[in-house]
Structure formats: C-alpha cells, structure tokens
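Contents: one structure, followed by commentary.
None of the figures in this text is laboratory data; all of them are computed from the coordinates on show. Since we're looking at a predicted model, the values are computed, not measured. Positions of Cβ are generated from backbone atoms using ideal geometry, with glycine treated the same way; all protein chains shown enter the neighbour counts.
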Amino acid sequence: MSGSCILADALLPDGSRVDVKVVDGLVATVGPVGVSEDVPEAFGAQPSSASLKSSSLKRYELNGMLLLPALAEPHAHLDKALTAGRIANPTGDLMGAIEAWVHRKSGIAIEDAIEDTIERSCRALEIAMASGVTALRTHLDVGSDIGARSVEALAEVRRRYEHCLDLQIAALVSIPLTGPEGRENRQALSEALEAGADLVGGAPAIDPRPSECVAECLSAASDAEVGLDLHIDETLDPSVCTLATLAKLAIDREFPHAVTASHCVSLGSMPVDVQRSVAALVAEAEIDVVTLPLTNLFLQGREHPVSTPRGFTAFGALAEAGVRVAAGGDNVQDPFNPVGRGDPLEVASLMVTGGHQRPETAFEFVSSRARALMRLPSASPSPGSAADFMAIDAASVREAVAFAPATRLTWKAGRLTASSSQSVELASVGSRSPSGQGRARP
Ligand SMILES: [Zn+2]
C-alpha cells in the first residue's frame, strides 16, 4: 500500500530547506518551503496526481529535521536475534558462536522454537523500523534439523509487515551441503526455496568441500531462478579464498541472477596485489559485497593479542575495482555478537572509525548502496524516486552518524511506519535535543 503526503520544511544534506510532495509512494515534487500549500501546480505535479490537492494530503511538519534516504539492512539473522541473554558464546569466536547456537537447539520442541523465533523476529524488525529501516534481508537457518520451518514462519511475518518494509529471505543452509552426508541439507534448501526464500544462502568456507559447496549453491540458485547471498571467507586466514571460486564459477556459468558475497574477511588479510586480482574477478562477475563490521570486530582476531586485526574486508581494492560494497549489522545481541542495537547508524559509525570511510560515504553503505545491492529502486528526494525516507534530528549526515539521535521518523512508500523521540532535561538549561539543535518536534 502506498501513501501520499507532504514532508514540509525538510532539511536536505546540501543545507537547503524544502517541501517534498509524495504521491502514491513516489516523490512527485521537491520545492521551496511553503510553496506547496498555495500553488501545487508550481511544483510540476505529475498528471496522475493532478486531482490531488495539497490541502488534502497528510502533512508532516519536519521543522528542519534532516531528511535522508531510508536505511537498509542488507544482512541480518532474525532467527538468532535477541538471544544473547540466554545463549553465551564461551570462546567469543566464530566457532564458539556456532557451537553455542547449535547446542541450544537440542531439547527444544520445534514448535516452541518457531514460536520463539517469530516473537524475537518481530521485535527485531520493529527495532529496525524505529531506526529508519524500510528494507531488510535476513538469513535464516535451514537444514536437516529444522527443515524449512523458519523460512515458512518468516514468510508469514513478511506478509504481516509488508506495508512497513521490504523483507528478503536468504536460506542459510547448514553444512555439510556436499557429499552423501549433505543430502538432507540439500533437501531442506529445496524446501526453503519452495516455502518463499528469495535467495540461496550458505557458508562454503566451513563445508568439508568448500569449492563443491559453492558450486552446489550456484546450482540450487540456478534451478530455482533466484539470486545468491553466501557467507564468504569469515576468517583472517589469507589462504582461504572461496570468493575467487565463487567469482570464477559465476563467470564460467554466466550465472544470470544477483550474487552477494557477505563478510569476505580473508580478502583483507591478503597482500595488496592478490586483493586486486581477486577484486577484479569479483567485479567481472558483478558480485556485490557486504561487510559486517560489528560482528567481525567481535569474532575475529582473538588469536592475535598484538596489533589485533579488525576483521574487515579489503575496502580499497574492492573500491578500485568498482565493486559495490554495502555494510550490515549481522547480529543483534546473540552468541555471534552480544551487543548491537539494530541501528544501521551504529554500523555506519564503525565504518568511519574502523573502516576509515568518510561519514557521508559510511551513510551510503547503510542506505543507498544497501538498497541497490538488494535490487530496490533508489530512495532520494528527487521526482520519481521511491518515498522511503528517514527524518532525523541532526544538522548534517556526519552529525546523524555521530550522534545517531533516537528522534527519527520513518516512511515506507510515503506512509509513516515509525516515529520515536528523545529529549534530555538539564536542570540548568531545560529541554534540549541530544544533538543540541533544540528544534521543535513535528
Ligand atoms: Zn551472517
């Protein structure tokens, strides 16, 4: 369902103040503040909106709040979210997290586990919506133990939230996927694709036969005519490079659907010339990369007490090669990361301090680039664009990333989906917004 409205007196990143008119979920016009109230035609309204008088539109007074493209979360695990309080990761690394997660499944009736998954997934989605997110891709465990039950449950949740966000599901199939012992997992993957998964997922680097696993994932995606989003090389070991295998196979097979490689941590450990040659292959294969700074900072590098590595991918080589890179939150308070606020601005901040990106670029990693990677139309204050927006109490993109103010409004296709506000009372000064702007709230 799409909405029509006016976002009045919005501050844009270039410093201008504008009214944005939205008709049927798309930006119709962007013009000077106040003009839309009197002369809607002056905005060059599209023919389809000619009958819609501005006065009849829902009007949101932003009073100079910063209007930005909505945030997008390209890599989440809703089925694991918000379990940190009950599932500890004793070693703090990736294998400790996997073992803790697998162990927790034993002894729980599958119906109870699914009910619990739905409840936590909805909470995590609502946290994301309040943060300004209108699109989210989640990986969901699929395998011989749980079958495709999580995908079936989340496909139902997706229907419940369809007016609030675009929810994409990647079937994260258990290992082994290859050989005779992988038969049940392959069957579960096929059931997940039938049940509504949008993408094939997996973690080839931890399969006993990584290259075969990559090939199997590509074949499953080809057969189902869907894209692929794999957990790739989540290790600092530079000898592990299933990313190159994936790129070569995608090129050789002329794989026609979108491919995302998530993590790509080992690429960051390789010599620069090797990074460049792998990045060139990735670019040729038109593979997008998602970096996950929160989780990889937590999980990676514990065996290196001196100059501990950051666990990031090779941003420089990927950018040079023209590879699209977006950033995601990955885990929200689970054995893979006991913290995480479900707020992409937390990720953007780490892309500045840990990934050495400019704040404005870091914001793109969690908004426009993430949307493009998810094959969603662009969202920006320009005519014809999707009206997926976040308004936030900040004076600039840098300030939005730095303060991550909780005062935000979220619109999906021109419909308000969430609003939250935050104020601070100082005894000597009175009420003030956290960023110090002190604006009136809409
Ligand atoms: Zn993940």
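Compared with the dominant principal axis of the Cα atoms in the chain, helix 183-194 is inclined by about 20°.
Which FRET efficiency, nearest 0.05, do ALA88 and THR353 yield, Cβ-Cβ r, R0 22 Å? Step by step, r from the Cβ atoms, then E = 0.20.
Reported value for the stretch 298-442: 166 Å³ per residue, from the convex hull of its C-alpha atoms. The lysine pair count for the chain, using Cα distances under 26 Å and pairs eight or more places apart or on different chains, is 7. Pairwise Cα separations in the stretch 211-285 fall into 5 Å bins from 0 onward with the following percentages, short to long: 3, 17, 28, 26, 15, 8, 2, 0. Taken along the Cα-to-beta-carbon direction at a fixed 7 Å, the label points for ASP14 and ASP223 span 5.1 nm.
Under a 10 Å cutoff between Cα atoms, tell me which one of GLU284, GLU156, GLU181 has the largest fluctuation in the Gaussian network model of the chain. Top of the fluctuation ranking is GLU181. The simple Förster model, with R0 at 45 Å and r as the Cβ-Cβ distance, assigns GLU286 and ARG209 a FRET efficiency of 0.95. Based on every Cα atom in the chain, Rg and the maximum pairwise Cα distance Dmax equal 22.4, 71 Å. For the pair SER421 and VAL274, label points projected 7 Å from Cα toward Cβ lie 5.5 nm apart.
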